[in-house]
Amino acid sequence: MTALQAYDILAISQDADFKEIKKQYRRLMHRVHPDSAAFDTGEYLYTAQEINEAYETLRRADRETDAHAQKRSSRNSSEGKKQSQTASQTAWHAKYGQSPRNAEMGWDAPKNTGAYTRRKIFHKVEDMDGTMIGVVAIAEGKYLWKPEEDFSLFLKSILECSERLLAEIDERNGMSRQAQIRLRFQAELAYLLAQQFIDGAESMEELLTPVDAGKDAETYYIPAMLEAGGTTVGLRTGMILYPAGVRAHRLYLKTRTGKEAGYLSFRDDRLYHIVIPLLEQKRAQVKIEVSRKQDRKNTSGKSKYKNIDFWMRIPRETTGTFPESIDLKIENLLKQYESR
């Protein structure tokens, strides 16, 4: 896809800066998503896949422009280094049909310097036809996740971190734990590590538009679903639900009388790694109601699903901060693994 095609799909001027492009991308994705309250394609003919591809095209172009500008402004690089970089980029382009975003160019996401360990930033490599042919590590450090980083690749980097930390313990002790034990510890370790690389308050602001932006906090509306263990009989539209607690990293809900109703489910998987940790850390407040708008398949009294209106209030003071207790939890988990 060319840049001109991308601008046309996103219905935005070629003079727009990347911040405007990002806003338009989110606006269009919200508009074409069938589960969105704003769903209304009207005369807009493009799909979510085409919107994503257009956004990725302009995002790559923006990064390459920034990289070239930095090179032009730098007076400390030797001519030999410049020639080497050019040769390297030419070879990459000849092989993959695109310019590299490698560690030499840098990764511009902010860092959590207090994170327990470093992680790799992975990037999908495409051929000239846009077909994904592999994944490469383009940087390594204590970088926070940003929406520009494919979330599946972010999770890949976290799983690799957890695997590496456990492997170091096995190597140090000259032994290997049973696969079942190792996987159980790796899953919990990955969940903790992810919290050190996601700024919940900042990420929420990047993914959603607040319905109320006060001086001290921002409130977000998040469409969600209730997955009931049995049936949803007795759950009326407009009924207020309350948090019953977090178990196995799921938020369970209860009625006013204390009866457990089920657990919360999100349409955007990324929100699991933002909302649940914020609640576990007691860094947010919520209001939950059974939605007045239900899908047809959920109108039956025997249905195990209900649409939920979920509001989350996040104090601004949480932005850019990470609980020190996460480091302690990671250390304790690693000690438990070593003692097995």
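Could I have the simple spin-label model distance between SER13 and GLU171, label points 7 Å from Cα toward Cβ, reported in nm to one decimal?
Each label point lies 7 Å from its Cα, and together they span 5.5 nm.
Report in % the part of the accessible area of the range 221-340 that belongs to carbon and sulfur, leaving out ligands and nucleic acids; probe 1.4 Å.
Using a 1.4 Å probe with all protein chains present, the range 221-340 comes out at 48 percent carbon and sulfur.
Compute and list, largest first, the equivalent-ellipsoid semi-axes of the range 208-263 from the alpha carbon gyration tensor, each √(5λ) rounded to a whole angstrom.
Taking √(5λ) for each Cα gyration eigenvalue gives 25, 14, 11 Å.
Would you mind working out the accessible area per residue for the range 204-295, using a 1.4 Å probe, and quoting it in Å²?
Solvent-accessible surface per residue comes out at 53 Å².
Hey, which of these cross-link pairs are over 32 Å Cα-Cα: LYS19/LYS215; LYS23/LYS329; LYS124/LYS287?
LYS23/LYS329; LYS124/LYS287
Starting from the Cα-Cα distance between GLU324 and LYS146, subtract it from 0.36 nm times their residue separation and give me the gain in nm to one decimal.
61.9 nm
Given all pairs of different Cα atoms, what value in angstroms does the Kirkwood hydrodynamic radius of the range 123-214 take?
After inverting the pairwise mean of 1/r, the radius is 15.7 Å.
Amide H of ALA217 versus every other amide H placed in the peptide plane: which residues, excluding those fewer than 5 positions away on the same chain, fall under 5 Å?
Under 5 Å from the amide H of ALA217 lie the amide H atoms of ARG316, each far enough along the sequence or on another chain.
What are the residues whose amide H is under 5 Å from the amide H of ARG119, where those residues sit 5 or more places off or on another chain and H is modelled from the backbone?
GLY141, LYS142, TYR143
For labels at ASP108 and VAL135 in the simple 7 Å Cα→Cβ model, what's the distance in nm?
Label at ASP108, label at VAL135, 2.5 nm between them.
Between TYR46 and ARG340, with labels modelled 7 Å along Cα→Cβ, what's the label distance in nm to one decimal, could you check?
4.7
State the answer as a single residue: which of TYR143, ALA179, MET204 lies farthest towards the positive end of the charge dipole of the range 140-259, with beta carbon charges of +1 for Lys and Arg and -1 for Asp and Glu, about the Cα centre.
The listed residue farthest towards the positive side: ALA179.
Listed highest first by mean packing, meaning other Cβ atoms within 10 Å per residue, what order do 222-228, 10-16, 191-197 come in?
Most protected by this proxy first, the peptides run 191-197, 222-228, 10-16.
List every residue whose amide H lies under 5 Å from the amide H of VAL135, counting only residues 5 or more places away in sequence or on a different chain, with H placed 1.01 Å from N in the peptide plane.
Placed amide hydrogens put VAL125 under 5 Å from VAL135.
The values are calculated or read from the model by the stated rules, or taken from the named source; none is laboratory data. As the structure is a computational prediction, the values presented were derived from the model and not from experiment. Cβ atoms come from the backbone with ideal geometry, glycine included; neighbour counts cover every protein chain shown. Heavy atoms of the whole protein, side chains included, go into the accessibility calculation; ligands, DNA and RNA do not. Shrake-Rupley method; radii C 1.70, N 1.55, O 1.52, S 1.80 Å.
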